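Okay, here's the structure, questions in a sec.
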Amino acid sequence: MRIVFAHNRYVLRGGEDESRDQEISMLRARGHEVIEYLVDNNDISRKNLITVGIRSVWNGDQYQRIKTFLGQTKPDILKVDNYFPLLSPSVFEAAKSMGVSTVLSVRNYRLICPAGTLFRSGEICKDCIATKFALPAIRHRCHHNSYLQTSSVVLSNAYARVRGTWTNSVDRYIAVSELVKRLLVSGGFSAEKISVKANSIPDTGPGDGSGKFAIFVGRLIEEKGIRTMIAAWGKVGAKMPLKVIGEGALERVVQQAASESPSVQYLGRKKLKEVCELIGRAAVLIFPSEWLEPFGRSIVEAYSKGTPVIAADTEGMRDMIEDGQTGMIYEAGDSDDLAEKVLSLAGAPERLERMRVAARERYLRLYSEEHTYSQMMSVFARALSNR
């Protein structure tokens with residue numbers, strides 16, 4: 001099969017880029033021809049921002065470019081991972097005009113929330129999910145705190161709805177989790193056109209949990225529940241030390257906690273290989289996010305190492321965590337409850353070992369490369385049947 005992967009690359013690489021790269025490697029290793037079509041947000045600095053905003057609604061230049069590219073490469077599938085802002089929804093209609101089946105991976109909430117997060121002013125926000133024109137987002141400047149940039153996202157989504165792009169020019173959607181699918185459906189997207197496939201996470205082999213510490217891996221920002229986690233460790237202390245990996249606006253909060261307590265260690269940013277090794281040695285991974293995480297990448301990385309997860313009870317987490325089996329769930333934002341859950345495992349090595357076995361089994365059953373490859377082939381087959 002020949003597949004074109006079209007992607008609007010962010011300035012900084014993140015989990016979406018790693019997942020896309022893993023999918024491409026997985027497909028190529030099985031004999032499929034993958035051709036990349038990339039645009040880069042670094043180019044925005046050299047463009048007029050008003051022009052970029054207008055073209056994010058409908059980019060006629062990219063419409064013609066992708067038509068020419070597809071005509072030259074003649075793929076079976078156009079798979080788009082991120083179209084905003086430089087590609088625009090026009091690429092889907094360009095592909096359909098060439099008789100190419102289309103698939104859109106949905107790894108955030110931008111189709112139903114201009115901010116892409118469903119999170120505003122420290123709280124979960126669903127004001128725009130069911131609206132055709134997301135005026136609340138413009139009023140609150142939800143995208144990059146800008147009226148102009150927020151308006152461009154709102155207009156892009158609204159225009160694609162009016163044109164019927166989402167209905168007629170996207171053959172299949174890949175939601176990264178059951179939660180994302182449910183929210184897309186609540187926003188008016190057809191459940192019949194949405195498949196669920198988790199991000200591809202490579203198997204680096206199980207760890208042993210010998211380090212007897214807890215670990216956090218992720219961005220250090222408010223919605224990740226960093227303050228709740230740090231407060232909890234004021235109660236956990238040396239009974240299970242905490243290692244924190246990541247960067248972000250709350251670095252100083254973590255650094256201060258580390259300076260005040262030997263039980264908290266801030267490691268900054270680490271290479272993926274070292275992160276995986278540390279997760280494998282950890283007793284548990286802490287996942288304190290207080291927003292609606294579309295997909296808990298670090299949760300699956302932990303499962304691949306057989307490391308249990310203690311996660312905040314936000315919508316969707318119970319789809320990923322089997323409470324008492326592969327980890328534990330605590331009340332989101334409640335540092336006392338988090339500390340209680342950690343302490344309950346700190347002195348229970350046999351229970352932790354049972355959880356390690358269950359976590360590894362869940363990875364092999366739901367998130368292994370073989371499983372996600374089978375899911376992707378099923379999505380592509382259904383997209384091709386539409387053609």
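Which Cα, out of 220, 60, 254, lies furthest along the positive dipole direction of the chain (beta carbon charges, K/R +1, D/E -1)?
60
Tell me, what is the FRET efficiency for residue 163 and residue 45 to the nearest 0.05, using R0 = 41 angstrom and their Cβ-Cβ distance as r?
Approximately 0.90, to the nearest 0.05.
For the peptides 95-107, 183-195, what is the packing order when you average, over each peptide's residues, the other Cβ atoms within 10 Å and list the highest mean first?
The densest-packed peptide leads the list: 95-107, 183-195.
Turning to a different aspect of this structure: At a Förster distance of 35 Å, what's the computed FRET efficiency of residue 25 paired with residue 191, Cβ-Cβ distance as r, to 0.05? Don't skip to the end; give the middle numbers.
Working: r = 30 Å, r/R0 = 0.87.
Between residue 25 and residue 191 the formula returns 0.70.
Cα atoms only: what Rg and Dmax, in Å, come out for the range 180-241?
Gyration radius and largest Cα-Cα distance of the range 180-241: 18.5, 50 Å.
Over what distance in Å are the Cα centres of the range 223-286 and the range 301-346 separated?
First find each Cα centre; the distance between them is then 15 Å.
Which part of the range 154-192 falls in the paramagnetic zone of residue 135, meaning amide N under 20 Å from the point 7 Å along Cα-to-beta-carbon?
154-162, 187-188
Give the distance, in whole Å, between the Cα centre of the range 3-59 and the Cα centre of the range 171-185.
20 Å
Which percentage, to the nearest 5, of the DSSP beta bridges contained in the chain is antiparallel?
Bridges in the chain that DSSP calls antiparallel: roughly 5 percent.
Which of the chymotrypsin sites (Phe, Trp or Tyr not before Pro) found in the range 3-109 are in a DSSP loop and have at most 15 neighbouring Cβ atoms, other than their own, within 10 Å?
Of the chymotrypsin sites (Phe, Trp or Tyr not before Pro), the ones in loops of the range 3-109 whose Cβ has at most 15 other Cβ atoms within 10 Å are 10.
Let me spell out the model: positive unit charges on the Cβ of Lys and Arg, negative unit charges on the Cβ of Asp and Glu, origin at the Cα centre of the range 266-387. What dipole size does that give, in debye rounded to 20?
Details: 17 positive and 20 negative charges, 166 e Å.
Using Cβ point charges on Lys, Arg, Asp and Glu, the range 266-387 gives about 800 debye.
Now, a different point. Per-residue ellipticity at 222 nm for the chain, helices alone: DSSP H runs ≥ 4 residues times -39500 (n - 2.57), over residue total, nearest 500 deg cm²/dmol?
It comes out at -13000 deg cm²/dmol, rounded to the nearest 500.
Follow-up. So, in nm, how far is label residue 336 from label residue 210 when the simple model puts each one 7 Å beyond its Cα toward the Cβ?
3.9 nm
Here is a follow-up. What length, rounded to one decimal in nm, is gained on full extension from residue 17 through to residue 124, with 0.36 nm per residue of separation minus their alpha-carbon distance?
Extra length from residue 17 to residue 124 when fully extended: 36.0 nm.
While we're on this one: Count neighbours as other Cβ atoms within 10 Å of each site's Cβ, and list the trypsin sites (Lys or Arg not before Pro) in the range 244-279 that are DSSP loop with at most 11 such neighbours.
Counting only loop positions with at most 11 other Cβ atoms within 10 Å, the trypsin sites (Lys or Arg not before Pro) in the range 244-279 are 269, 271.
Once whole DSSP H runs in the chain are found, which of them have Cα atoms spread over 18 Å or more along the helix axis and a mean Kyte-Doolittle score of at least -1.0?
Counting only whole DSSP H runs, the qualifying helices are 147-163, 369-386.
Moving on. Based on the Cβ-Cβ distance from residue 325 to residue 72, what FRET efficiency comes out when R0 is 45 Å, to the nearest 0.05?
My answer for the efficiency is 0.35.
Size of the dipole of the range 1-143 about the Cα centre, Lys and Arg at +1 and Asp and Glu at -1 on the beta carbon, nothing else charged, in debye to 20?
320 debye
Tell me which residues come under 5 Å, amide H to amide H, from residue 82 once H is placed; ignore anything under 5 positions away on its chain.
Those qualifying (amide H under 5 Å, at least 5 residues apart or on another chain) are 8.
Taking only protein heavy atoms into account and a 1.4 Å probe, give the accessible area per residue of the chain in Å².
Working: 16500 Å² over 387 residues.
Counting only protein heavy atoms, the per-residue value for the chain is 43 Å².
The values are calculated or read from the model by the stated rules, or taken from the named source; none is laboratory data. Just so we're clear, the structure is a prediction, and the values are computed from it rather than from any experiment. When we count neighbours, we look across all protein chains shown, and the Cβ atoms used for this are built from the backbone with ideal geometry, even at glycine. The accessibility values were calculated without ligands, DNA or RNA, using every heavy atom of the protein model including side chains. Shrake-Rupley method; radii C 1.70, N 1.55, O 1.52, S 1.80 Å.
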